[in-house]
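Below: one structure, written as structure tokens.
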Amino acid sequence: MIRAGYMEWIAAIVVAGAIAASWNDYRRHRVPNLLNAAILLAGLFIQSAFFGWSGLQQGLWGVAVGAGPLFILWMMKAIGAGDVKFMGALGACLGPHMTLNAVVVGGLVGGVMAIAMLAAQRNWRQTSMNMGVLVTKMSSLRTAFGEFGSVQSMCTSGGVMPYAIPLSIGSLVVVFANYFGWWKVL
């Protein structure tokens, strides 16, 4: 059972963190460690304050669920470390179930944003070359986890999406869907 005031605190932390992280990622292509630490500590504190040791445990599971899948992408050099830490920090606030939903929704939003960026840039030749690089990168474990086709190498050839934005949108959708009871309908 969710206690009174819990979702309001979670929403306040997630909204503030999402705005700050998205803005920083958009402007500077990085999510500051201090921001991630603040979100993480606030999330673990709220979880503990409302649910005791069980809440702390749920917060830590949320960190693992949020950072785990993105850590693999970071190892493949497909996403920045700040994005991994940001989703882990949000996981401390959301717990494992809402975090998993937020990662999935954020991934879907990221896909839509990527298609929109491609359409807006109209750089089809470079896009097809980048897709060829990505297919080659995924052809073996050696290249999948190597520098070849990394985000850094792609930065010079086209726009790189600040991934804190879709992760933030996914988290906000999940928080508000849970708060208003929409998630039960979906």
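Of note:
- Residue match in region 19-37 (condition: open to solvent by less than 60 Å² (accessible area, probe 1.4 Å), under 24 Å from G181 (Cα atoms), touching a Leu at 6+ places or on another chain (Cβ under 7 Å) and part of a helix (DSSP H, G or I)): no
- Residue in region 117-138 that is surrounded by 10 or more Cβ atoms within 10 Å (Cβ to Cβ), at pLDDT below 80 and among the basic types (K, R) present: yes
- Pair list, Cβ under 8 Å, 6 or more apart: region 74-100 residue polar (S, T, N, Q), other residue surrounded by 24 or more Cβ atoms within 10 Å (Cβ to Cβ): T99/G62; T99/G66; T99/M87; T99/L90; T99/G91
- Candidates G88, G106, G111: the one that is surrounded by fewer than 15 Cβ atoms within 10 Å (Cβ to Cβ), modelled with pLDDT of 65 or more and not in a loop (DSSP other than H, G, I, E, B) is G111.
- Residue list for region 23-54, restricted to those being closer than 19 Å to G5 by Cβ and not hydrophobic (A, V, I, L, M, F, W, C): G43, Q47, S48, G52, S54
- Condition broken by I72, with the remaining ones in (1) open to solvent by 20 Å² or more (accessible area, probe 1.4 Å); (2) of a type in the set (A, V, I, L, M); (3) modelled with pLDDT of 95 or more; (4) more than 18 Å from V173 (Cβ to Cβ) satisfied: (3)
- Just one of the listed residues (L100, L60, L44, L94) is of a type outside the set (G, A, S), crowded, with 21+ Cβ neighbours inside 10 Å and under 20 Å from A18 (Cα atoms), namely L94.
- Looking only at region 1-10, and only at residues there that are touching a Phe, Trp or Tyr at 6+ places or on another chain (Cβ under 6 Å) and not aromatic (F, W, Y), the one that is surrounded by the most Cβ atoms within 10 Å (Cβ to Cβ): M7
- Residue among G159, G146 that alone is closer than 25 Å to N24 by Cβ, at pLDDT below 65 and not in a helix (DSSP H, G or I): G159
The values are calculated or read from the model by the stated rules, or taken from the named source; none is laboratory data. Note that the coordinates shown come from a computational prediction; the quantities given were computed from them, not determined experimentally. Cβ: placed from backbone, ideal geometry, glycine included. Neighbour counts: every protein chain shown. Heavy atoms of the whole protein, side chains included, go into the accessibility calculation; ligands, DNA and RNA do not. Shrake-Rupley method; radii C 1.70, N 1.55, O 1.52, S 1.80 Å.
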